[in-house]
Structures are given as C-alpha cells and as structure tokens.
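Below: the structure, in structure tokens.
The values are calculated or read from the model by the stated rules, or taken from the named source; none is laboratory data. What you are looking at is a predicted structure, and each value in this text was computed from that prediction instead of being measured. Backbone-built Cβ (ideal geometry, glycine too); neighbour counts: all protein chains shown. Please note that ligands, DNA and RNA were not included when accessible areas were found on the heavy atoms of the full protein model with its side chains. Shrake-Rupley method; radii C 1.70, N 1.55, O 1.52, S 1.80 Å.
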Amino acid sequence: MENKTDDLVNVILESYNKYDLTVRIDAEHMLNKDILIKVTEEIRRVLFPGFFDERRVRSEYIKFLIGERLEFIQYNLKKQIAKAFGTRDLCSGCQRSAINEKAEETTHKFIELIPKIREYLYTDIQAAYDGDPAAYSTDEIIFSYPGVFAITVYRIAHELWNLGVPMIPRIMTEYAHNITGIDIHPGASIGKYFFIDHGTGIVIGETTIIGNNVKIYQGVTLGALSTRKGQQLKGVKRHPTIGDNVTIYSGTTVLGGDTVIGNGATIGGNAFIVSSISEGMKVSVKTPELQYSTDQPQDNFFMWNI
C-alpha cells in the first residue's frame, strides 16, 4: 500500500512540473486571500462605523477604534500590496526595499482616499433609499442590500485599481461577486448615486463607464461584443458607456465599447442592445404573444411565441 501511495505522489509531482502555471511552490511573493478578505471587512467597518461591529461603538472611543483599525489595514494591506508588486511577472529583479517603499506609499495614498469613498457611498445609500419604495430606512439598506455590499467592495477595489495595484482589486470584487452574484470589475468607472436593485446576475465589465444617478436591476450585463482576440484586446474600450440618469431594467444586455446610452434614457427589460441610444429615449421589447393550449388539461402551462 505504501509503495502505491509513493507512486501516486510521484505522478502528482510530475504533473507539477508539466503544468507549472498552477503551481507556486517556494514562491516568495504569494498573496493571502483570507487576509485580504479580513482587510476588506475592516475597511467596511471604517466606512460604516457601528454597523458591522460585535459591540456598540461609543463616541468617546471612536478615535481610538478607528486608529486601531487603520493600523491593522495599513500593516496587512501593505504586506499584500508588496507581494502583488513583487510577483515575478511584474517586478522581476526588483529590490525588496524598493518594493516595500512603493507598497507603503501606495497604502498611504489609499488610506487618504477613505473620506472620498465614504462620500460616494453616502450618495449610493441615498439613491437606494430614494429609488426603492420597499426600503423603510437607510439602516436596512446598509445592513441587508446585496447591491450596497457589492458597490462598497467595488469602491474600495476601484481606488486600489487606480493606484496601479495588481490582482488585489480583483480578489476583492470576486469576494463580493461570490457572496452577492454581482460581478463588477474594479476597472469600471462608476459615478455617484449608483443604485443596484435586487442585483443577482449583474455583470459590469472592465472598461464600462457609468455616469451619475444610474439605476440597474438584476440580470443586466454591460459587456463586450466579442472577446475572441483575448489578450490582444487588453486596454481596448470593450464595454459600453452609460450616461447620467439612466435606468436599465432586468435581463437587459448592453454590449460594445462604442455603445453609448444617452443621458436620461430608460431601457426596458430583456432588451439586447449593441448600438447607441439617444438621450431621453425609452427602449422596450415588444410584448410577446401568449399561446394557451388545452391539449393537456392536467397541466396549466403556457408557451412563449416570440
């Protein structure tokens, strides 16, 4: 039995040599996903003090508490950013001291952006409350709305993306994607008063640009027309631009880097759009015709005749 186990181990070790893209043995610069999730949650606690704490946050201790949290964020985020900057593909041969210095500077710049992130999130919470008659308080929205969770993590990751931090922003947004079913690429540009209603199945691609006061529902895709060229499309504007005061209803797909949805437009549910829409336009799909059949009286069913 022991010999069989040894043989299996050797076969697996051979596969490590053969398929080296999936191996990081002895890797000096390896990110820790669990630590990054903890950092993300600590940043959320700084952004929404008192909401996600196990104990009541008292005003007389808030300065001490925030300082303690910032120390945790700075220490751990700096270490992870240094590892991201030090990967073999991005900084081969870089001196450790230079990597650490760059990581420390980047982390400091990010911490300075927390008030800006809070400003944007304030508008997002207000937009959710104003736009949803089912919401009875802003506390309810912060505690329970998956769209707010996804937007919060996106806003954090987006600032790191703008600071040139590799990999970490994607790990953060995929963490939110896994929990909410909302996939927002950290490279997307999203204005203030952004509201995601319900949210499951939403996809917002890397080069998407979204203006202010935009509301989108579940199942909306803001994607690329084609990704067949793969890495050749890196850096190309592949995803649509959404103007200010736009509403996009559930199940709609908007594709293409040249596609612009003009200010004030409303896109009805289940639309498929690959060309620009003028300002103020209302776009809807023709209501499908229902066909009813009595061939199977025990089954109450209907068919779409599109």
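Out of (1) at pLDDT 95 or above; (2) part of a helix (DSSP H, G or I); (3) not small (Gly, Ala, Ser), the odd one out for Ile99 is which?
With (1) at pLDDT 95 or above; (2) part of a helix (DSSP H, G or I); (3) not small (Gly, Ala, Ser) applied to Ile99, the lone miss is (1).
If Ile168 satisfies every condition in (1) under 23 Å from Thr106 (Cα atoms); (2) open to solvent by 10 Å² or more (accessible area, probe 1.4 Å); (3) out of contact with any Pro (no Cβ under 7 Å at 6 or more places or on another chain) but one, which is the exception?
In the conditions (1) under 23 Å from Thr106 (Cα atoms); (2) open to solvent by 10 Å² or more (accessible area, probe 1.4 Å); (3) out of contact with any Pro (no Cβ under 7 Å at 6 or more places or on another chain), Ile168 misses (2) alone.
Report yes if some residue within segment 2-11 is of a type outside the set (A, V, I, L, M), out of contact with any Ser or Thr (no Cβ under 7 Å at 6 or more places or on another chain) and open to solvent by less than 40 Å² (accessible area, probe 1.4 Å); otherwise report no.
Looking for residues that are of a type outside the set (A, V, I, L, M), out of contact with any Ser or Thr (no Cβ under 7 Å at 6 or more places or on another chain) and open to solvent by less than 40 Å² (accessible area, probe 1.4 Å), one finds none in segment 2-11, hence no.
Can you tell me which residue within segment 231-262, out of those that are within 23 Å of Thr200 (Cα to Cα) and touching an Asp or Glu at 6+ places or on another chain (Cβ under 8 Å), is surrounded by the most Cβ atoms within 10 Å (Cβ to Cβ)?
Looking at the filtered set, the residue picked out is His239.
Restricting to segment 38-80, give me the number of residues that are aliphatic (A, V, I, L, M), in contact (Cβ under 8 Å) with a residue 12 or more places away in the chain and farther than 14 Å from Ile168 by Cβ.
6
Based on what the data block shows, is Leu31 under 20 Å from Pro169 (Cβ atoms), outside any helix (DSSP H, G or I) and touching a helix residue (DSSP H, G or I) at 6+ places or on another chain (Cβ under 6 Å)?
yes
In segment 171-194, which residues are closer than 18 Å to Val220 by Cα, open to solvent by less than 10 Å² (accessible area, probe 1.4 Å) and touching a helix residue (DSSP H, G or I) at 6+ places or on another chain (Cβ under 6 Å)?
Within segment 171-194, Thr173, Ala176, Ile182, Ile184, Pro186, Phe194 qualify.
Being open to solvent by 40 Å² or more (accessible area, probe 1.4 Å) and in contact with a Ser or Thr (Cβ under 9 Å, 6 or more places away or on another chain), is that true of even one residue in segment 132-141?
no
Could we say that Gln74 is of a type in the set (S, T, N, Q), under 27 Å from Phe194 (Cβ atoms) and open to solvent by 30 Å² or more (accessible area, probe 1.4 Å) here?
No, not satisfied.
Residue check, Ala176 against (1) aliphatic (A, V, I, L, M); (2) touching a residue at least 40 places away in the same chain (Cβ under 8 Å); (3) touching an Asp or Glu at 6+ places or on another chain (Cβ under 9 Å), all met but one. Which one?
(2)
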